[in-house]
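Quick notes on the structure that follows.
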Amino acid sequence: MSRRSESDCRRSERSDEELVEAIRRSDEEAFTVLYERYYQRVYNFVYLRLRNHADAEEAVQEAFTAVFGAVASFRGTSAVLSWIYGIAKNTVNNHIRRTVAQKSRIDRAESELIRHLESSLAASPEDDLTLRRCAEAVRDEFEGLSGWQAEIFAMRHLDGLPIAEISDRMSRSPDAVRSSLCRVKRLVVAAVEGGQPSESRTVAERSMA
Amino acid sequence: MDQPQGSAELDEAVMDCSLEELREFLEADLADVPDDLEFKQNLRDKLWDLVQTRNRRRGPSDAN
């Protein structure tokens with residue numbers, strides 16, 4: 001990070017457009033000034049819509065990646081301010097759409113899993129095979145997780161600990177714990193869907209479209 | 001790191017926004033929202049790497 005303070009960066013007299021030009025020449029100070037000028041603005045704008053720091057961080061990263069990934073090809077047909085604003089707004093809207101779709105997918109997969117488990121009492125050999133595939137897929141996903149993510153998931157779903165206690169034990173913020181749980185849950189849902197017969201998968205895929 | 005959403009040209013084409021929206025965006029940094037300085041620094045470093053990678057890929061002849 002440049003040694004210039006945040007307020008120095010924001011007070012820089014160079015315009016956004018001049019900074020973009022300089023960033024194209026790999027001028028790190030110009031990059032720092034533009035980043036400092038917009039970071040808090042973008043972060044707060046996103047957070048005030050998503051109301052969750054874990055989601056906000058994900059969306060902020062996505063928005064700034066879009067901005068700085070495209071800076072080299074920025075043509076200046078709009079002001080940098082409105083360009084960055086537009087990207088932040090689109091990113092938030094996409095994030096909200098994805099979250100709604102994901103929630104619906106998780107709810108549906110949970111219902112499917114419960115239905116499978118309920119019917120397993122009188123399971124046919126085919127059902128048995130499906131359940132075994134689901135279990136193997138879930139186990140494979142867990143093997144791919146980092147240790148702390150699996151530990152958080154076990155604390156929450158096997159030990160039944162509250163988020164606050166997990167947060168204390170793992171020295172991570174409650175939002176980070178929630179975010180990790182959500183990611184693992186998504187992996188489990190994807191694994192369960194992947195282990196189901198093709199007919200069920202087709203129904204799930206169709207309803208997600 | 002994730003790839004950007006689309007080309008700058010495309011992004012610039014969809015940037016229709018009202019003055020009211022821009023004012024809200026400009027004033028967003030006045031809101032009292034706590035953030036994580038470590039996240040900010042890590043993101044800054046990743047983005048600078050991304051910029052350098054993109055600039056190298058473009059080559060010195062495209063830099064101006």
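Which of the listed residues, A:ILE87, A:SER104, A:PHE45, is farthest toward the dipole's positive end in segment A:13-117, when Lys, Arg count +1 and Asp, Glu count -1 at the beta-carbon?
The one lying farthest along the dipole's positive direction is A:SER104.
Sum up the charges of everything whose Cβ sits under 14 Å from the Cβ of B:ARG23, counting Lys and Arg as +1 and Asp and Glu as -1, but leave B:ARG23 out.
That works out to -3.
Let me check I've understood the local charge: for B:ASP45, count other residues with C-beta under 12 angstrom from its C-beta, Lys and Arg +1, Asp and Glu -1. What total comes out?
Summing Lys/Arg as +1 and Asp/Glu as -1 gives 0.
Let me know the mean shielding of B:26-39 by other chains, meaning the per-residue number of their Cβ atoms within 10 Å of its Cβ.
So the per-residue partner count for this stretch is 5.
Using the Karplus curve 6.51 cos²θ - 1.76 cosθ + 1.60 with θ = phi - 60°, work out ³J(HN,Hα) for each residue of segment A:98-111 in order, rounded to whole Hz, and write x for Gly and Pro.
Couplings: 5, 5, 4, 5, 5, 4, 5, 5, 5, 4, 5, 5, 4, 4 Hz.
With θ taken as phi - 60° and the coefficients 6.51, -1.76 and 1.60, list the Karplus ³J(HN,Hα) couplings across segment B:36-41 in order, rounded to whole Hz; mark glycine and proline as x.
9, 5, 5, 4, 4, 5
Would you mind counting up the charge near B:ASP36? Only other residues with Cβ under 10 Å from its Cβ, with Lys and Arg at +1 and Asp and Glu at -1.
-3
Applying the Karplus parametrisation 6.51 cos²θ - 1.76 cosθ + 1.60 with θ = phi - 60° to the phi angles of segment A:73-87, what ³J(HN,Hα) value in whole Hz is obtained for each residue in order, glycine and proline being reported as x?
Couplings: 9, 5, 9, x, 6, 9, 5, 4, 4, 6, 5, 5, 4, x, 5 Hz.
At a 10 angstrom cut-off on C-beta neighbours, averaged per residue, how do the peptides A:23-29, B:17-23 rank from highest to lowest?
A:23-29, B:17-23
For peptide A:88-100, compute the average count of partner chain beta-carbon atoms within 10 Å of each residue's beta-carbon.
Counting Cβ atoms of other protein chains within 10 Å of each residue's Cβ and averaging gives 1.
Give the B-A buried accessible area in Å², both sides summed, 1.4 Å probe, nearest 100.
4300 Å²
Averaged over its residues, how many other protein chain Cβ atoms are within 10 Å of peptide A:41-54's Cβ atoms?
That works out to 4 on average.
The values are calculated or read from the model by the stated rules, or taken from the named source; none is laboratory data. What you are looking at is a predicted structure, and each value in this text was computed from that prediction instead of being measured. Quick reminder, even Gly has a Cβ in these numbers, built from the backbone with ideal geometry, and neighbours come from all protein chains shown. These accessible areas exclude ligands, DNA and RNA; they are computed on the full protein's heavy atoms, side chains included. Shrake-Rupley method; radii C 1.70, N 1.55, O 1.52, S 1.80 Å.
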